[in-house]
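Accompanying notes for the structure given below.
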Amino acid sequence: MAVTRTFSIIKPDATRRNLTGGVTKMLEDAGLRVIASKRIQMTKEQAEGFYAVHRERPFFNDLVSFMISGPVVVQVLEGEDAVLTNRTVMGATNPENADEGTIRKTYAESIEANSVHGSDSDENAAIEIDYFFKPEEIVG
Ligand code: CMP
């Protein structure tokens with residue numbers, strides 16, 4: 001296994017409930033290091049661009065509205081096989097299907113308000129990191 005990077009968002013349902021630290025602790029306990037982090041209010045255009053791959057899905061407009069409903073924390077995570085490590089600790093997209101001990105099982109409210117986003121591949125991680133961070137903002 002190699003040390004790689006992934007991209008994470010702590011979503012508005014989690015920031016609203018003051019869970020930034022709780023979520024981050026679970027990421028760190030899973031072996032991931034936060035090598036960049038910033039709390040932002042996403043614009044509608046930013047959220048639409050980020051989720052462009054889902055544009056034709058019936059939940060797209062609700063998803064964008066939710067993601068701009070409050071602040072989010074965008075992060076770059078580094079660790080052994082970071083994409084898979086992060087997806088494992090996040091748990092299934094729908095918290096009803098998430099394993100015990102995962103972030104979504106612990107904190108998520110619904111499939112939409114599911115507390116965290118994580119990249120699904122190394123290729124998308126690089127694209128998503130580049131979407132929110134300048135190289136000099138990432139300090140490994
Ligand atoms: P995320 O990993 O951020 O990527 C797309 C998001 O769409 C997903 O997490 C979910 O929170 C959200 N979403 C909302 N409704 C659905 C749905 N019916 N199926 C899949 N994803 C959904």
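Nothing in this text is a laboratory measurement; each read-out follows from the coordinates by a stated rule. Since the model is a prediction, treat every value here as computed from it, not as a measurement. Using ideal geometry, Cβ is built from the backbone for each residue, glycine included, and neighbour counts are taken over all protein chains shown.
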Projecting each Cα onto the charge dipole of the chain (Lys/Arg +1, Asp/Glu -1 at the beta carbon, about the Cα centre), which of 126, 7, 43 comes out farthest on the positive side? 43
If you stretched the chain out fully between residue 97 and residue 80, how much longer would it get, using 0.36 nm times the residue separation minus the C-alpha to C-alpha distance? 3.6 nm
For 80, 56, order by how many other beta-carbon atoms lie within 10 Å, fewest first: 56, 80
Mean ellipticity per residue at 222 nm, deg cm²/dmol - from DSSP H runs of n ≥ 4 across the chain, formula -39500 (n - 2.57): -10500 deg cm²/dmol
Along the charge dipole of the range 52-140, pointing to its positive end and built from +1/-1 on Cβ of Lys, Arg, Asp and Glu, which listed residue (107, 59, 73) has its Cα farthest out? 59
From Cα pairs below 8 angstrom and at least 6 apart in sequence, can you work out the relative contact order of the range 1-127, rounded to a whole percent? 40 percent
Whole-angstrom gap from the range 77-140 to the range 34-51, using each part's C-alpha centre: 14 Å
Using Cα pairs closer than 8 Å and at least 6 residues apart in sequence, work out the relative contact order for the range 47-122, in percent. 22 percent
For the chain, with only Lys/Arg (+1) and Asp/Glu (-1) charged at the beta-carbon, what is the dipole magnitude about the Cα centre, in debye rounded to 20? 480 debye
Nearest-20 debye value, the range 61-124 charge dipole, Cβ charges on Lys, Arg, Asp, Glu: 220 debye
